[in-house]
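**Student:** Once you've had a glance at the structure underneath, I'll fire off some questions.
A short reminder: the numbers here are calculations on the coordinates, not readings from a lab. Predicted, not measured: the structure shown is a model, and the values here were computed from it. Here Cβ is always computed from backbone atoms with ideal geometry, including for glycine, and neighbour counts include all displayed protein chains.
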Amino acid sequence: MDLNSDMEKILWTEQQISERVTELGSEITRHFKPETASPVIVGVATGAFLFLADLVRKIHLPVTVDFIRVESYGSGTVSNGQPRISFDLKIDVRGKHVILVEDIVDTGNTLYCLIDYMKSKGASSVSVCTLLDKPARRKVHFELVGEGKYYCGFECPDEFVVGYGLDFAELYRNLPYVGVLKPEVYK
Ligand code: 5GP
Ligand code: MG
Ligand code: MG
């Protein structure tokens, strides 16, 4: 099995992702001045692990980092409904500015659930920083909390993508780019 030869096409190269991540880090650095409390960067496991690792090195402010896990997808490419938190935060986010870091926003179910959860934990603002956004598939409208902002790397076409953290059946996360698999790979 060769990861690269399973790809039908590449949508964003390693270089394009790197440049965009640097821009997102600068935006976040500008919005969260050093005099405001250090934001809590919450990565949504597992998909956001590479994006988060690269992003935090482009944020030139003190930040804390934590992870949360939400289960909503099985091993296929179709959501199996209501997301639930299966691995919880370690950091107390009460009174903190939370930045949720996601690989991709699809139906919006996961973010709706997580924003609600951060609100219930008393976060003073909730922002979202997602590498990709697939607006064509949105089903649930979510609202940010307080002064929360929405940061997005790239708008994604309505296709199932893998790489740079995103998986198909837990594979392909370690590709340094984002692309679409050949149809025969799903069989
Ligand atoms: P939502 O709850 O917004 O429908 O879905 C969010 C999660 O679904 C993402 O964090 C991701 O794990 C998964 N997902 C949605 N679209 C894709 C896609 O095109 N590729 C992959 N690998 N995962 C996706
Ligand atoms: Mg995700
Ligand atoms: Mg997945």
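**Student:** What number results when the radius of gyration of region 114-187, computed over Cα atoms, is divided by 2.2 N^0.38 Å? All intermediate terms of the calculation are to be shown ahead of the outcome.
**Tutor:** Working: Rg = 15.4 Å, N = 74, 2.2 N^0.38 = 11.3 Å.
For region 114-187, the normalised Cα radius of gyration comes out at 1.36.
**Student:** Mind listing which chymotrypsin sites (Phe, Trp or Tyr not before Pro) in region 84-187 are in a DSSP loop and have 16 or fewer other Cβ atoms within 10 Å?
**Tutor:** Counting only loop positions with at most 16 other Cβ atoms within 10 Å, the chymotrypsin sites (Phe, Trp or Tyr not before Pro) in region 84-187 are PHE160.
**Student:** Right, another one. How large is the helix-only mean residue ellipticity at 222 nm for the chain, computed as the sum of -39500 (n - 2.57) over DSSP H runs with n ≥ 4, divided by its residue count, in deg cm²/dmol to the nearest 500? Write out the running numbers ahead of the final one.
**Tutor:** Numbers: 3 runs with 38 residues, N = 187.
Mean residue ellipticity, 222 nm, calculated: -6500 deg cm²/dmol.
**Student:** Return the percentage of antiparallel bridges among DSSP beta bridges fully within region 4-180, rounded to the nearest 5 %.
**Tutor:** 35
**Student:** In addition: In nm, to one decimal, how far is the LEU89 label point from the GLU35 one, both placed 7 Å along Cα→Cβ?
**Tutor:** It is 2.5 nm.
**Student:** Got the relative contact order for the chain handy, in percent, Cα pairs under 8 Å and 6 or more residues apart?
**Tutor:** With pairs under 8 Å counted, the relative contact order is 24 percent.
**Student:** Given a 10 angstrom Cα cut-off, can you work out which residue in HIS60, HIS31, HIS97 is the most mobile in a GNM of the chain?
**Tutor:** Highest fluctuation of the listed residues: HIS31.
**Student:** Something else now. Taking a ≥ b ≥ c as the square roots of the Cα gyration tensor eigenvalues, with a/c under 1.5 meaning rounded and otherwise prolate when a/b beats b/c, else oblate, which class fits region 4-180?
**Tutor:** Oblate is the answer for region 4-180, as a/c is 1.5 or above yet b/c matches or exceeds a/b.
**Student:** Right, next: For region 57-147, what's the relative contact order in percent, using C-alpha pairs closer than 8 Å and at least 6 residues apart?
**Tutor:** Computed value for region 57-147: 26 percent relative contact order.
**Student:** Using a simple spin-label model with points 7 Å from Cα along the Cα→Cβ vector, what separation in nm is obtained for LEU61 and THR13?
**Tutor:** For LEU61 paired with THR13, the spin-label model returns 3.2 nm.
**Student:** Amide H of GLY148: which non-local residues (sequence gap of 5 or more, or other chain) have their own amide H closer than 5 Å, using H built in the peptide plane?
**Tutor:** VAL126
**Student:** Another question about this same structure. Could you check what % of the DSSP bridge pairs in region 81-139 are antiparallel, to the nearest 5? Please report the intermediate quantities before stating the final value.
**Tutor:** On the way: 0 of 8 bridges.
Taking every DSSP beta bridge with both residues in region 81-139, the antiparallel ones total about 0 percent.
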